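The values are calculated or read from the model by the stated rules, or taken from the named source; none is laboratory data. From a predicted model like this one, the values you see are computed outputs, not experimental measurements. Here the Cβ positions follow ideal geometry from the backbone for every residue, glycine too, while neighbour counts run over all protein chains shown. Heads up: the accessible areas ignore ligands, DNA and RNA and are worked out on the full protein's heavy atoms, side chains in. Shrake-Rupley method; radii C 1.70, N 1.55, O 1.52, S 1.80 Å.
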Amino acid sequence: MAQIHFQQVSKRYGKDKEAVVDQFNLEICDKEFIVFVGPSGCGKSTTLRMIAGLEDISDGEVYIDDVLVNDLPPKDRDIAMVFQNYALYPNMSVYENIAFGLRLRKLPKHEIDQAVKRAARVLEIEPFLERKPKELSGGQRQRVALGRAIVRNPKVFLMDEPLSNLDAKLRVQMRSEIIRLVKKLEVTTIYVTHDQTEAMTMGDRIVVMKDGIIQQVDTPEEIYNKP
Ligand code: ADP
Ligand code: ADP
């Protein structure tokens, strides 16, 4: 069973505008790590944002676990998203940043505490829980952003160019950390990047996009072996 299913999905920013995502058809399996790759402006972020409910769908249908989600508000989707710019709250500690979403959902304090500490342990950021984001390195900040996403135990994990602000060495290290993390959590993951090496080394399958259209969906091996 496909966990996420796009059926003829299109997106236009404005009624008479051209489609920036054009009749997208795709099935993403449960626990799959899928990478959307393509040049800047080809519609990768827009596609992620439609899955998260942050962007209206102009045409077609998106299903998650066979439920039509076109009109479902973001908070009713079991999805967490990580962005390139970390999107951490600068005035909150690492602990508060990770706990924030759980507090909004009014979980009991001890449950929040357990969940935050579990996420911090998995990501090895326990020593930094009382620090502010500006007192952390880029890699540590990105781990906090990951922590804030995984703490809710989401069914689907969306990552939009999460490593592009890091230097090359850290980027390579974080790639394997992210893979290890999502395999451990067994969460369906969609990872967006413009970096072909990143796509080829990380994805179970790769969706190659250009100008709002899917050009190819294949495993890294299949892509490598095609002329
Ligand atoms: P990518 O993530 O692949 O860089 P995007 O999904 O961000 O691509 O953008 C796809 C196209 O949609 C681009 O041409 C971009 O300029 C346009 N676009 C993105 N967001 C908006 C918006 N809020 N309003 C109008 N156009 C947008
Ligand atoms: P409020 O509830 O008053 O809107 P928040 O608790 O949401 O404040 O935000 C705390 C601080 O984090 C504010 O300075 C806000 O501007 C900043 N902030 C909120 N959302 C983001 C975000 N996505 N990325 C970075 N900073 C943010």
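Here Leu123, Leu146 are screened, and the one residue that is within 17 Å of Tyr86 (Cα to Cα) and touching a Pro at 6+ places or on another chain (Cβ under 8 Å) is Leu146. Taken across region 35-45, residues that are part of a helix (DSSP H, G or I) and open to solvent by less than 50 Å² (accessible area, probe 1.4 Å) do occur, with at least one present.
Here is the figure for region 152-202: residues that are free of Cβ contacts under 8 Å to residues at least 12 places away in the same chain, loosely packed, with under 14 Cβ neighbours inside 10 Å and more than 30 Å from Glu111 (Cα to Cα) total 3.
The single condition among (1) at pLDDT 95 or above; (2) away from ligand 2 (no atom under 16 Å from the Cβ) that Arg49 does not satisfy is (2). When region 103-133 is filtered for residues that are open to solvent by 70 Å² or more (accessible area, probe 1.4 Å), out of contact with any Leu (no Cβ under 9 Å at 6 or more places or on another chain) and part of a helix (DSSP H, G or I), the ones remaining, listed by number, are Arg103, Leu104, Lys109, His110, Gln114, Arg118, Arg121, Glu126, Pro127.
Residue under question is Tyr86, and the condition is that it be touching a residue at least 40 places away in the same chain (Cβ under 8 Å), under 30 Å from Val208 (Cα atoms) and not in a loop (DSSP other than H, G, I, E, B); does it hold? Against the criterion (touching a residue at least 40 places away in the same chain (Cβ under 8 Å), under 30 Å from Val208 (Cα atoms) and not in a loop (DSSP other than H, G, I, E, B)), Tyr86 does not qualify.
For region 134-150, a tally of residues being more than 16 Å from ligand 2 (Cβ to nearest atom) and either open to solvent by 60 Å² or more (accessible area, probe 1.4 Å) or within 24 Å of Lys75 (Cβ to Cβ) (or both) returns 1.
When the residues of region 55-68 are narrowed to those that are in a loop (DSSP other than H, G, I, E, B) and under 18 Å from Ser45 (Cβ atoms), which ends up farthest from the chain's Cα centre (by Cα)? Within region 55-68, the match that is farthest from the chain's Cα centre (by Cα) is Ser58.
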